[in-house]
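Structure, as C-alpha cells:
Values quoted throughout were computed directly from the atomic coordinates according to the rules given, and no laboratory measurement underlies them. It should be emphasised that the depicted structure is a prediction, and the values quoted were computed from it without experimental measurement. A quick note on method: Cβ atoms are made from the backbone with ideal geometry, for glycine too, and the neighbour counts reach across all protein chains shown.
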Amino acid sequence: MHKRMIFSLTLVATVAISPAFAATFQNTASDVWIAKWFSMENVMNNGGFAVSGGIDYFSEGTGGDITHELVSTTKGLRELSRAEVKLDKAHSALEMGEDGVWDWEVVDIDVDDSRNMSSSWGLNDQSNFTWHGIIVLKAPSARSTTMHPAHDDYAQIWINGEPVYDNDQWTGGVKTVTQPTDVDLVQGDNVLLFKCGEAGGDDYVNLHFEDSDSDLDIVPTMEGEFWIYAGLAVEAKDKVSATWAGLKAR
Ligand SMILES: [Ca+2]
Ligand SMILES: [Ca+2]
Ligand SMILES: [Ca+2]
C-alpha cells in the first residue's frame, strides 16, 4: 500500500512539473541513427572481445541480481535504478569505475566517429574495453520490423528480455550493417540493451531502424532525460501511458 502511494505521488509530481519540460524524443529511420544512449561507464581491461562476450558484467557487478536479460525489461530498469554495479577494480581505469561503482549517464555517440565507444565517454582511442547502452523505444503499435546495427568489435543486443543479436565480427564501417535483423516490438515501452566489446583499432556502435519506425519515440530524450520517461512504466501502465501521451502532446 505504501509503495503504491509513493508511486501515485510520483505520477502526480510528474504531471505537476511537466510544463517545465519540453520533451523531444529521439527518432529513427533508415538514415537516422540513434545518438543518445543511457550508458554505463566502460568496463576496462576486458581481456579482449572474445572473453568479454561471454561475461555478464551486470550479473558480476550485482551479485547476480541484474542480468542482460533482466535489464532489458521495464522491470529490470526499475531494479537497475536501485542497484549499483560494482566490478573488480581490475576493470577500472581513466575514471571508469574509479570509485568501485560503474555509473550510468546519458551519452552522445558521434554516429560518424569510428571510435565512438571511446569518445562517448570522453576517452581517446582505447583498446580492450566493453561499452553498454540502453534505449527505450515507445511504440504506438506492436510491429515486426528490422533493426540495423553497426559495430566494432563484438556486438550483442537484447530487446524485452530476449537476446536478438550476437555477432563477433566487426561490420567494417561505423555506418555499415552486415546483418539486418528482424525483431518484434510490443505496443508501449520496448527496452533495448546494446553491448559491444572492443579489442583494438576502431571501436564503434551504431543503430537505426526503418522509415516505417519513424513513429517510435526514443528515450533518452533530446534533452538528455532518461529515468523520468523510462523508469515509471512499470506499474499502473495505463496511467503512465496517459502521462506520456500528455507530455508528448505538449
Ligand atoms: Ca563511479
Ligand atoms: Ca576494434
Ligand atoms: Ca579502439
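Below, the figures for the structure above:
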{"read-out": "Amide N proximity, the range 80-101 versus residue 124 label position 7 Å along Cα-to-Cβ, cut-off under 16 Å", "value": "94-95"}
{"read-out": "The range 49-168 shape via C-alpha gyration tensor axes, a/c threshold 1.5", "value": "oblate"}
{"read-out": "In sequence order, calculated HN-Hα J values of the range 187-202 (Karplus, 6.51, -1.76, 1.60; Hz; x Gly/Pro)", "value": "5, x, 7, 10, 9, 10, 10, 10, 10, 9, x, 10, 9, x, x, 4"}
{"read-out": "Residue-count net charge about residue 184 - beta-carbon cut-off 13 Å; Lys, Arg +1, Asp, Glu -1", "value": "-2"}
{"read-out": "Amide H within-cut-off set for residue 29, under 5 Å, with H built and near neighbours excluded", "value": "209"}
{"read-out": "Karplus (6.51, -1.76, 1.60) ³J(HN,Hα), θ = phi - 60°, over the range 117-129, in Hz, Gly and Pro reported as x", "value": "5, 6, 5, 4, 10, x, 9, 6, 3, 10, 10, 6, 8"}
{"read-out": "Relative exposure of 107, 43, 164, judged by other C-beta atoms within 10 Å (fewest first)", "value": "164, 107, 43"}
{"read-out": "Computed E for residue 30/residue 105 - FRET, C-beta separation, R0 22 angstrom, nearest 0.05", "value": "0.15"}
{"read-out": "Residues with amide H under 5 Å from that of residue 164, placed H, sequence gap 5 or more", "value": "157, 158, 159"}
{"read-out": "Separation of the residue 95 and residue 82 label points, Cα + 7 Å toward Cβ, nm", "value": "3.1 nm"}
